[in-house]
Amino acid sequence: LVNLTINSKPVSVPKGTTILEAAKQVNVKIPNLCHLNMNEINMVNQCASCRVCMVSAGRGLVPACGTLVKEGMNVQTNTKEALRARKNVVQLLLSDHPQDCLSCDKNGNCELQTIAADLGIREIKFKGEKSCAPKDTSSKSIVKDHDKCILCRRCETMCNEVQTVGVLSGINRGFNTEVGTFFNASLCDTECTYCGQCVAVCPTGALTEVNNIPVVWNALDQNEKTVVVQVAPAVRVAIGEEFGLEPGAISTGKMVAALRALGFKYVFDTNFAADLTILEEASEFLHRLKDGENLPILTSCCPAWINFVEGNYPQLLNLPSSCKSPQEMFGAVAKNYFGPKVINVESKDMYVVSVMPCVAKKYECARTELGQEDVLDVDISITTRELAKMIKEAGIDLLNLEDESFDSPLGESTGAADIFGATGGVLEAALRTAYEWVTDKELSDVNFTQVRGLEGIKEASIDIDGTIVNVCIASSLGNARKVMDEVANGNSKYHIIEIMACPGGCVAGGGQPYHHGDYDIVKKRAAGLYNIDGSKELRKSHKNPAIVALYNEFLGEPYSEAAHKYLHTHYFD
Ligand code: HC0
Ligand code: SF4
């Protein structure tokens, strides 16, 4: 151990610890901007580029995030010199930053804004040339605005090291340095999966979601189409954070009330379609298992993961389940069953909005193969954050709304659907149904706790009446790559693999309220979903009466011809 003092408090830490980490142990907060340490998902951004964390140690100033502790060190974090240096650094960053906080997407969530406020900066001291580059608005999901980039490299670390996609890297030099793409290509011309994890860690407004709020207001403002909304599982345990509730607080009833107050004609649940997905996917799995073909089956509900497998493993496109994601299945059922058969509205006159914890869902719903002829299954997707903004914009006091329930029948769901939003949940839900279908016995304990938790790669062997099913769950695209390389080499023993692009699953999606690197928030959201599941009477997808009715009235059997027409898709290399 190395012994030192920080602001006169003695502290002993292992060799190799930085001053910044040591300070945390004695509850000394050192402001910092570029640094981001998310041990839970093995992400450390240690580029020491911003120099906001300057502290006095020994004879001079050093950056706390990039300096290792030494025996006998005497660190002072708030000396006059340190404060002056810190302020100057932030002043320099601001001098090369657009001063449009009032209209910035990140207003209120920007870490640069917070630090400037904390340091009491009341005027921009340095004036001069600004480094400028055109905004990249080429994709359906993400906007990249170099002018707001402070070169912290968090996005680069996320994209290269955690996701292993490798789209973002430093280009040019000196004042012209940019975090850009290869040959400065537009995002839509790169291998970007639109996972949105770069957006999740960007401290400023340099990476944001495409703003679809105006499109939704327009839809709500017309009378020709019937506008319905669906809400993804992970939204209900996170949206409350935008209104001051604890992460993981279950806000389903208030969220439904708010959506009705916004003017949606029907407020439905993506969970309904998650149950439907399980019936289709479990059927597909059992077919493949019986024939011994196209194994392992890979889950297909995460659109960024689908982009990744299409781009990186074109030789394995026989493996992802052909099931559309729940978002898309919902749209297909709303437009081809609920509209024409339940409320007598033609499918072209239905307008489906989705609220998702995800930015890739914006891209997914625009994929032209996901629809019938010219009618897309889902018209537009907004994130959890965008829904919160709409609620605030409309002046709705979410916290004081009376709880309301989803509309029927596309609002009915079982607990199996809620857990979709956490890594391992889709697989657990599928096992609950597959087990009962194969064995014809009741599964009394539905909790497959082996497949829960934040770990990046999990595996288990499940005994289904004598047949051992080997399952694997990976979250983050880097972990997906590890698992998929084994599949490609023929060394994989698994029968089913669940993959989610965001580390931790949809609860940590790129469209969720910003967690600012605190993964405890993500854990609490997941716990919220498991609590909802545990409190529901029905916890197996095939027991959802609204799903049973949908098959009786419309689809016939799971995996039938009609089911294929509306609920399944194909992939492109
Ligand atoms: Fe998810 Fe989904 S679980 S991907 O994370 O499968 O986005 O919450 O909506 O579609 O249901 C996201 C979350 C969904 C879908 C569902 C799946
Ligand atoms: Fe990389 Fe994902 Fe960001 Fe695309 S969205 S640049 S893949 S981190």
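Of all residues in segment 146-164, exactly one satisfies the criterion of being among the charged types (D, E, K, R) and at positive phi, namely ARG153.
Considering the conditions (1) more than 15 Å from ligand 2 (Cβ to nearest atom); (2) buried (at least 19 other Cβ atoms within 10 Å of the Cβ), ILE499 is excluded by exactly one of them, (1).
Taken as a whole, the condition of being within 16 Å of ligand 2 (Cβ to nearest atom) and more than 18 Å from ALA219 (Cβ to Cβ) applies to ALA360. Whether a residue is farther than 30 Å from LYS106 by Cβ, in contact (Cβ under 8 Å) with a residue 60 or more places away in the chain and buried (at least 17 other Cβ atoms within 10 Å of the Cβ) was assessed, and HIS568 passes this test. Scanning segment 547-560 for residues that are assigned to a helix (DSSP H, G or I) and either surrounded by 20 or more Cβ atoms within 10 Å (Cβ to Cβ) or touching a Gly at 6+ places or on another chain (Cβ under 8 Å) (or both) turns up ILE547, LEU550, LEU555. Annotation: THR414 fulfils all but one of (1) buried (at least 22 other Cβ atoms within 10 Å of the Cβ); (2) polar (S, T, N, Q); (3) out of contact with any helix residue (DSSP H, G or I) (no Cβ under 8 Å at 6 or more places or on another chain); the unmet one is (3). Is segment 519-530 home to any residue that is within 16 Å of ligand 1 (Cβ to nearest atom), at positive phi and hydroxyl-bearing (Ser, Thr, Tyr)? Looking for residues that are within 16 Å of ligand 1 (Cβ to nearest atom), at positive phi and hydroxyl-bearing (Ser, Thr, Tyr), one finds none in segment 519-530, hence no. Looking across SER408, SER413, one residue alone is assigned to a loop (DSSP other than H, G, I, E, B) and either at positive phi or within 16 Å of ligand 1 (Cβ to nearest atom) (or both). It is SER413. Within segment 333-342, can one find any residue that is touching a residue at least 12 places away in the same chain (Cβ under 8 Å), among the charged types (D, E, K, R), farther than 22 Å from ILE239 by Cα and surrounded by 24 or more Cβ atoms within 10 Å (Cβ to Cβ)? Yes, segment 333-342 contains a residue that is touching a residue at least 12 places away in the same chain (Cβ under 8 Å), among the charged types (D, E, K, R), farther than 22 Å from ILE239 by Cα and surrounded by 24 or more Cβ atoms within 10 Å (Cβ to Cβ). Within the set LEU295, LEU245, the sole residue that is away from ligand 1 (no atom under 16 Å from the Cβ), touching a residue at least 40 places away in the same chain (Cβ under 8 Å), assigned to a loop (DSSP other than H, G, I, E, B) and touching a Ser or Thr at 6+ places or on another chain (Cβ under 7 Å) turns out to be LEU245. Within segment 291-307, the presence of a residue that is more than 26 Å from PRO503 (Cα to Cα), aliphatic (A, V, I, L, M) and surrounded by fewer than 24 Cβ atoms within 10 Å (Cβ to Cβ) is excluded. Scan segment 298-314 for residues that are β-branched (Val, Ile, Thr) and either farther than 13 Å from ALA474 by Cβ or outside any loop (DSSP other than H, G, I, E, B) (or both) and jot them down. Residues satisfying the conditions are ILE306, VAL309. Of the strands (runs of 3 or more DSSP E) lying entirely inside segment 116-228, those containing at least 1 residues that are away from ligand 1 (no atom under 16 Å from the Cβ) and in contact (Cβ under 8 Å) with a residue 24 or more places away in the chain are 142-144, 178-180, 207-209. Only one entry in GLY72, GLY108, GLY58 is in contact with a Lys or Arg (Cβ under 9 Å, 6 or more places away or on another chain) and more than 23 Å from THR177 (Cβ to Cβ), namely GLY58. A Cβ distance below 9 Å, combined with a sequence gap of six or more or placement on separate chains, defines the contacts here; from segment 470-492, residues that are in the same structural domain as PHE420 (by TED's automatic domain parsing) and charged (D, E, K, R) reach residues that are crowded, with 23+ Cβ neighbours inside 10 Å and outside any loop (DSSP other than H, G, I, E, B) in the pairs ARG481/PHE308; ARG481/ALA474; LYS482/ALA474. From the list LYS130, LYS125, LYS135, the one residue that fits, being out of contact with any Asp or Glu (no Cβ under 7 Å at 6 or more places or on another chain), surrounded by fewer than 18 Cβ atoms within 10 Å (Cβ to Cβ) and not small (Gly, Ala, Ser), is LYS125. Could you check segment 541-571 and list, in sequence order, the residues that are out of contact with any helix residue (DSSP H, G or I) (no Cβ under 6 Å at 6 or more places or on another chain) and either closer than 19 Å to PHE268 by Cβ or charged (D, E, K, R) (or both)? Within segment 541-571, LYS543, PRO545, ALA546, VAL548, ALA549, LEU550, TYR551, GLU553, GLU557, GLU561, LYS565 qualify. Is segment 428-436 home to any residue that is modelled with pLDDT of 95 or more, β-branched (Val, Ile, Thr) and more than 23 Å from THR299 (Cα to Cα)? No - not one qualifying residue is present in segment 428-436.
Within segment 425-481, being within 16 Å of ligand 1 (Cβ to nearest atom), touching a Phe, Trp or Tyr at 6+ places or on another chain (Cβ under 9 Å), more than 17 Å from LEU529 (Cα to Cα) and not hydrophobic (A, V, I, L, M, F, W, C) holds for no residue. Here GLN163 passes the criteria (1) touching a strand residue (DSSP E or B) at 6+ places or on another chain (Cβ under 9 Å); (2) surrounded by 15 or more Cβ atoms within 10 Å (Cβ to Cβ) except the one numbered (1).
Within segment 176-203, being modelled with pLDDT of 95 or more, more than 20 Å from PHE308 (Cα to Cα) and more than 11 Å from ligand 2 (Cβ to nearest atom) holds for one residue alone: PRO203.
The values are calculated or read from the model by the stated rules, or taken from the named source; none is laboratory data. The structure presented is a predicted model; accordingly, all values stated were derived computationally and were not measured. With ideal geometry, Cβ positions are generated from the backbone for all residues, glycine too; neighbour counts draw on all protein chains shown.
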